[in-house]
Amino acid sequence: MFAKGQTVIQLFEQLAPKHYAMPDDKIGLQLGSLQKEIQKVLVALDVTDEVVEEAIQLGANLIIAHHAIIFRPLAHLQTDTPAGRLYEKLIKNDIAVYIAHTNLDVAEGGVNDLMADMLGLSELTHLEDVHTEKLQKLVVFVPETHHQAVLDALFTAGAGWIGQYSHCSFNIPGTGTFLPQEGTHPYIGEAGKLERVQEVRVETIVTASVQRKAVQAMLKAHPYEEVAYDLYPMDLKGRVFGLGRVGKLPAAITLRELTQLAKQVFDVPAVRVVGDLARPIRKVAVLGGSGGRYMRHAMFAGADVLVTGDIDYHTAHDALAAGLTLIDVGHNVEKIMKRGVAEYLAKQLIKSDTQVIASAIDTEPFQFL
């Protein structure tokens, strides 16, 4: 059985929720419909004419890409323009396009974590914190007979995390009372008779991203016709998510050696480097895409080098003067998201017939001579 488009995206957004994205970022469904079965998903960095042809040949009817195909409101849709022809081809072949940009950069396991992993960095921190997960306390009253079943459902749904501790809860036994009215079908007792039941007050933590899922799981596991539960906002901060990563290499190497490593693991033919090639490097900052404006963030984090793309001339001079080395691996380095997202989504869809394929098309616009 093929997965519905909405199901595919719901599973993907467990990795990169929309609320991780930077303000005004062009993400989400940009073309087509998710109200259909998805035979194949093609994961791409850019949606070019060659990528669309690849999707057609493969029989893919959903493309998940990193870079948007619609950047600003359309004043018209003329099919004799390059963009118009692209949209027309997608529509005629019933291919939907979903974009995950900065939310995939911020996500744990997203673009920047992939970059850090490929360089072998450890003790990771963020280059810039951009999102703190909101926490709520979920309180529910459960009959003793179903106490463990409700707890298990909540924890399986992702509730109960405080920092790196899972299955966190507090449980208080007590007596619950209720009087079922006419027309009710109580699990315990009968209509018109006051009941006293040995119950447990369960308290646990839910994040904004799992709140709906946790509540639905709790309600499904709970035996009562009407479930008494509350959600309270909390001052306690949840996990912090951010752009870029800063980490340490296993051992210090020279800037020249790190440059060669970056070319190899990121599969790029050439890089631009700012700094003394003999300088020892231990602490590395990485940021996919255009990261020039994060130079000072890297310096503040104590990084020896910033590995990113699209460094402009004046930023390079500023870094040189400030003593920060730079490795410009190009914007196209973000192509590593194709493999990472495809592997993640394939695991999530393993019980369906929907296939996930990483695009084989190289969308690097530059040639290196």
Ordering of 7-19, 170-182 by packing [mean C-beta count within 10 Å, highest first]: 7-19, 170-182
P(r) of region 134-233 over all Cα-Cα pairs, binned every 10 Å from zero, in whole percent: 16, 47, 27, 9, 1
Once the Cα gyration tensor of the chain is diagonalised, semi-axes √(5λ) in Å: 46, 29, 16
Residue 205 long-range amide H proximity, modeled H, under 5 Å: 138, 160, 161
Using alpha-carbon coordinates, inclination of helix 82-92 to the longest axis of the chain, degrees: 40
Residue-averaged [θ]222 nm for the chain, counting only DSSP H segments that reach four residues, each worth -39500 (n - 2.57): -8000 deg cm²/dmol
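Throughout, read-outs are computed from the coordinates displayed, never taken from laboratory work. Not measured: the values here are computed from a predicted model. Cβ coordinates were reconstructed from backbone atoms using ideal geometry, including for glycine residues, and neighbour counts include every protein chain displayed.
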